[in-house]
Amino acid sequence: MPKDIDKAVELYEQALAKGRIDAATKLGDLYRQGATNGLDPSKALGYYEQALKAGDLGAKAGMASLYVDGVVVSRDIPRALALYDEVLSSGGTWAASSLASLYLKGAEFGLDPVKALDYYEQAVRAGDISALVSLGNIYRDGKIVSKDAVKAVEFYEQALSKGRIDAATKLGDLYRQGATDGLDASKALGYYEQAIKTGDLGAKAGMANLYADGVVVPRDIPKALARYEDVVTSGGTWALSSLAALYAKGAEVGLDPAKAVGYYEQAVQAGDVSALVSLGNIYRDGKIVARDATKAIDYFERAYAAGRKTALASAINVAMSGTTAQQRQGHELIAKGQAEMAPGVASALANALLSGSGIAKNPTKAVAILKQASAAGDAAAASTLIQLYAQGRGEDVKKNLTLARTTLNQFAGAMSPEQRDGDALFLEAASASSRNQYAALMEKIDALASSSAKASFVGRLRWANSNAYVYLLQSKLKETGAYAGQLNGTLTGATIKAFNAFCTSRQMKQPCSEGPLSRSALGVFQDFLRETKT
């Protein structure tokens with residue numbers, strides 16, 4: 001039957017009046033979560049306090065949630081933890097997942113996120129199927145422990161066997177994207193089909209991805225579009241960004257890339273913060289619409305205000321490469337970011353000092369800022385410093401791979417496993433000097449989690465080791481059939497000729513005219529890597 005919050009409140013009130021104290025807890029839960037239903041969250045407190053007097057465990061858990069939320073009462077994480085622990089020790093094993101999700105937020109609350117694993121495992125032993133899905137997510141994402149696709153599959157399979165059909169969709173997603181983790185991408189199809197039978201929108205979007213990728217099933221853009229649109233019209237507005245990303249591929253898939261902007265705008269209206277970042281990127285890059293730094297900065301700022309903390313650094317970087325007025329705006333944003341401890345701001349300021357954008361050039365100060373931020377736990381600053389030492393900056397900062405390795409070892413503890421491994425691979429790439437080393441590097445680059453990660457890595461590689469970059473370029477040109485020469489990392493005439501033919505076939509002759517090692521040509525190659533499932 002249709003959801004009716006007012007009727008639910010009325011019935012719970014009647015039950016409470018007749019002595020059902022657990023109804024007070026249910027009313028507390030309803031009011032705490034019910035702002036979108038026209039309910040006053042502040043009323044939750046009274047109901048929880050009423051049920052607490054009777055020792056109701058659900059009310060204790062509800063009060064803990066209030067202390068975590070910090071809306072009805074002041075945020076108090078120690079009190080929330082104490083209440084959850086009381087519930088757990090009194091037999092309320094269902095609170096284990098709540099404790100786990102609280103620890104999972106980690107630095108936000110000054111907690112150790114790794115402890116979430118133990119609480120989720122307790123929840124699993126208590127029969128909480130959702131905890132199996134949460135454990136799968138943890139090992140899939142690799143943010144608080146090393147990524148382990150095999151363990152993720154194991155937990156999702158257990159959840160699916162216990163009736164969590166959404167786990168089939170998660171398995172489909174994992175297999176579709178998991179070739180680099182030793183997973184068979186073809187298995188994605190079966191999981192998606194299993195979930196689609198129950199009408200799961202995520203599975204429909206997953207099938208659309210399969211049709212768009214053209215790896216597991218033949219590429220069929222009309223089918224992909226139809227499935228995305230089906231998801232959107234069924235209420236899955238989160239698929240709007242996927243539709244936009246498909247249109248953004250443009251000529252590659254026979255679509256008008258300019259239409260991506262409209263779909264991203266719809267996604268923004270639906271509350272998709274990532275769409276704000278995508279629009280910022282579109283107007284910053286100027287590839288599918290005219291470049292507009294003002295719009296790019298605005299979209300990045302809006303994304304930052306909506307919670308995407310890394311977007312402020314993107315806004316700063318655009319501003320600092322713009323007009324004098326925009327550079328002044330960039331420095332205002334730097335001050336804002338420093339006051340609010342936004343990630344990436346130290347790196348943005350250092351880059352401005354290195355290039356002299358809107359500020360006097362001062363490489364020594366740039367390095368000092370990066371060192372200070374790294375010591376304070378800024379992982380992005382540490383990566384920037386490592387990259388700076390690995391690449392060098394002419395006479396301003398000498399290339400020093402030994403110092404780069406020392407810096408990585410010094411600040412590795414502040415980095416996520418993924419970031420730490422990425423920087424270690426970058427240093428390996430920066431020091432590679434033989435064909436065998438280039439070939440080994442190629443395998444590791446191909447094993448990166450996504451085509452976007454490959455493109456980003458190659459962008460860094462170009463400036464750190466041009467020979468390794470040329471070897472990679474030759475390898476990819478050979479895969480396309482454009483190059484038939486040796487893989488040696490040397491920019492030969494045959495390599496240049498093959499690259500020019502490659503650019504011409506992509507209608508990118510002009511950006512490549514300055515040669516394969518130019519910044520514009522690098523952009524063409526990176527776009528190719530983003531589009532290619534290798």
Please determine, by comparing only the residues of segment 363-395 that are among the basic types (Lys, Arg) and part of a helix (DSSP H, G or I), which one is farthest from Gly413 (Cα to Cα).
Lys365
Any idea which of Tyr283, Tyr264 is open to solvent by less than 40 Å² (accessible area, probe 1.4 Å), of a type in the set (Ser, Thr, Tyr) and closer than 25 Å to Arg519 by Cα?
Tyr283
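Okay, residues lined up against (1) over 25 Å from Tyr67 (Cβ atoms); (2) open to solvent by 30 Å² or more (accessible area, probe 1.4 Å); (3) part of a loop (DSSP other than H, G, I, E, B); (4) of a type in the set (Asp, Glu):
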site: Pro2; (1), (2), (3), (4): yes, yes, yes, no
site: Lys7; (1), (2), (3), (4): yes, yes, no, no
site: Tyr12; (1), (2), (3), (4): no, yes, no, no
site: Arg20; (1), (2), (3), (4): yes, yes, yes, no
site: Thr36; (1), (2), (3), (4): no, yes, no, no
site: Ala44; (1), (2), (3), (4): no, no, no, no
site: Tyr48; (1), (2), (3), (4): no, no, no, no
Subset of segment 365-400 [within 13 Å of Ala464 (Cα to Cα), surrounded by fewer than 16 Cβ atoms within 10 Å (Cβ to Cβ) and touching a residue at least 24 places away in the same chain (Cβ under 8 Å)]:
none
Scan segment 56-93 for residues that are open to solvent by less than 50 Å² (accessible area, probe 1.4 Å), hydroxyl-bearing (Ser, Thr, Tyr) and either more than 28 Å from the chain's Cα centre (by Cα) or more than 13 Å from Asp29 (Cβ to Cβ) (or both) and jot them down.
Tyr67, Tyr84
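Matching residues to (1) of a type in the set (D, E, K, R); (2) modelled with pLDDT of 95 or more; (3) in a helix (DSSP H, G or I); (4) surrounded by fewer than 16 Cβ atoms within 10 Å (Cβ to Cβ):
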residue	(1), (2), (3), (4)
Ala95	no, no, yes, no
Ala107	no, no, yes, yes
Asp112	yes, no, no, yes
Tyr119	no, yes, yes, no
Leu132	no, yes, yes, no
Leu135	no, yes, yes, no
Ser146	no, no, no, yes
Val150	no, no, yes, yes
Leu160	no, yes, yes, no
List the residue pairs whose Cβ atoms are under 6 Å apart, where the first residue sits in segment 431-446 and is aromatic (Phe, Trp, Tyr), the second is part of a helix (DSSP H, G or I), and the two are 6 or more positions apart or on different chains.
Tyr438/Ala468; Tyr438/Tyr471
If you scan segment 333-359, which residues turn out to be open to solvent by 40 Å² or more (accessible area, probe 1.4 Å) and assigned to a helix (DSSP H, G or I)?
Ala335, Lys336, Gln338, Ala339, Glu340, Asn351, Ser355
Got at least one residue in segment 322-332 being hydrophobic (A, V, I, L, M, F, W, C), over 25 Å from Arg393 (Cβ atoms), open to solvent by 40 Å² or more (accessible area, probe 1.4 Å) and not in a helix (DSSP H, G or I)?
no
Note: among Met320, Met415, just one is of a type outside the set (Gly, Ala, Ser) and over 27 Å from Asp292 (Cα atoms), namely Met415
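The values are calculated or read from the model by the stated rules, or taken from the named source; none is laboratory data. On a predicted model such as this, the values are computed, not experimentally measured, just so you know. Quick reminder, even Gly has a Cβ in these numbers, built from the backbone with ideal geometry, and neighbours come from all protein chains shown. Quick note on the areas: whole protein, heavy atoms, side chains included, nothing else; ligands and nucleic acids left out. Shrake-Rupley method; radii C 1.70, N 1.55, O 1.52, S 1.80 Å.
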